[in-house]
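Following: one structure in structure tokens, then a few remarks.
The values are calculated or read from the model by the stated rules, or taken from the named source; none is laboratory data. Computed from a predicted structure; not experimentally measured. Cβ: placed from backbone, ideal geometry, glycine included. Neighbour counts: every protein chain shown.
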Amino acid sequence: MTTAGHTARDRLRQQLTHARDRSPYYRRLLGGGSGRGTAAELTELPLTTAADVAAAGPLGLTAVEPARIARYAESRDHRGRPLGAAATMGDLRRTTAAMAAALRPHVGPADLAFVAVPYELSGGAQDTDRALTALGAGVVGVGALSPVCPPERTADLVAALRPGVLATTPDRALAIHARLADAGAVPRALGQRIHLHLGGECAPVRAARTAELWGAVAIRAYGSTLTPAAGLPCVAGTAHLTTALYHAEVIDPDGSDPVPEGACGELVLTTLAAEATPLLRYRTGDLVRLTRCGCGDPRPALEQHGRVEDRWRGATGPARTAVALEQAALAVHGTGLHCATGWSAGRPTAVLDEADADTRRDVARALHALTGATWHVAAADRGAFLAAAARAGRRRLRPGDLEET
């Protein structure tokens, strides 16, 4: 075994011991005893779910005394359940160091960066903020939910300050672009170089088109309140698993068995260095494929395919991820920036932004080739998509969202 392998094994053993001995939740679930701390032993442990975390309460998984907590962060899952996690100063330093190292090829002291991610009870925005600051970049924390800085104010600040880096979701990047364009600005002339996409999984073709609108390059990070900095961009911008901080499994989203190597499944993460909130086999609810990237980084790349609950199921054949459907639709020539897929009026339906009849026909063919089903493809104007996205919040758009008034 390599030195790196020994290090990962040692970290896993120490994390299992720490969780069993110090976390109230895992002490009740697993009892004491250090165990061997091997990957084989890990797979024998029960999975931790979002429901488990929510039921445990704000500090139910916390494995350090209150005096050592440096920050508490919280988010809500698709069912509205609060998922909270505490962090020590050591946890925050490790996250900041990992993010700063990953962003160093893309961001430097000459950059001004806007962080358009919710700051309220959120860890992700603060983690990104600290990492950018550590690299010497100037940071404007515009957030996303603050009444002090509503979307209109964010657009005004972007026009006035011309940040070179925008850290946000693809949907928010499109919304800011639309507000600037409506105000008569030329977003491509504002000098943005880098879009750091945080959350809001979307098809690669859509991420590339969104960045192209600004004349920027899209890079990708992956994480959550419970699993900060789990995937960070390489020099090519692809998110790679942060193997110093996490052990990953990919399992059947409808069960618990591992999927074949290279197949898409639900990402399960075990922390390797968390002091305050250790997690053992946490079901993230996110669909991924572990792949290799051409950058040369040996760590697995996280090819993201959206949420488990957003899959589309037909009468026959396997379930298809929302991202796979979006990629198939938007890869068709003549499509734009938006696509909502799902069931509507009892039939598979895709809604595109401003696609003509020939394009809609070609999209229906592409979706049929992917799923074997006959799709109804409709169009809505881009403004309707932006309004629907604002109403939906973090939830992925469905065809019915475009019918709301």
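Observations, loosely collected:
- Answer residue from the range 58-109, given it is touching a Leu at 6+ places or on another chain (Cβ under 8 Å), surrounded by 18 or more Cβ atoms within 10 Å (Cβ to Cβ) and charged (D, E, K, R) and is nearest to Ser146 (Cα to Cα) among those: Asp77
Okay, residues lined up against (1) at pLDDT 95 or above; (2) crowded, with 21+ Cβ neighbours inside 10 Å; (3) of a type in the set (Phe, Trp, Tyr):
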| site | (1), (2), (3) |
| --- | --- |
| Ala181 | no, no, no |
| Ala185 | no, no, no |
| Arg193 | yes, no, no |
| His197 | no, yes, no |
| Arg206 | no, yes, no |
| Thr227 | yes, yes, no |
| Pro233 | yes, yes, no |
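- Within the range 110-131, the presence of at least one residue that is among the charged types (D, E, K, R) and buried (at least 22 other Cβ atoms within 10 Å of the Cβ) is confirmed.
- Any hit, the range 382-405, residues being among the hydroxyl-bearing types (Ser, Thr, Tyr) and modelled with pLDDT of 90 or more: no
- Selection status of Val148, surrounded by fewer than 22 Cβ atoms within 10 Å (Cβ to Cβ) and either within 21 Å of Ala389 (Cβ to Cβ) or out of contact with any Lys or Arg (no Cβ under 6 Å at 6 or more places or on another chain) (or both): yes
- Residues in the range 208-225 that are assigned to a loop (DSSP other than H, G, I, E, B) and polar (S, T, N, Q) were compared, and the one that is surrounded by the most Cβ atoms within 10 Å (Cβ to Cβ) is Thr225.
- Any hit, the range 378-393, residues being touching a helix residue (DSSP H, G or I) at 6+ places or on another chain (Cβ under 9 Å), assigned by TED's automatic domain parsing to the domain that holds Pro233 and not in a loop (DSSP other than H, G, I, E, B): no
- Here Trp343 meets the list (1) within 23 Å of Ala388 (Cα to Cα); (2) of a type in the set (A, V, I, L, M, F, W, C); (3) surrounded by 17 or more Cβ atoms within 10 Å (Cβ to Cβ) almost entirely, failing just condition (3).
- Checked against (1) closer than 27 Å to Leu174 by Cβ; (2) buried (at least 24 other Cβ atoms within 10 Å of the Cβ), Thr242 passes all but a single condition, namely (1).
- Per the listing Arg365, Arg360, the residue uniquely surrounded by fewer than 19 Cβ atoms within 10 Å (Cβ to Cβ), over 22 Å from Val288 (Cα atoms) and modelled with pLDDT of 95 or more is Arg365.
- Within the range 287-329, the set of residues being assigned to a loop (DSSP other than H, G, I, E, B) and among the hydroxyl-bearing types (Ser, Thr, Tyr) comprises Thr316, Thr321.
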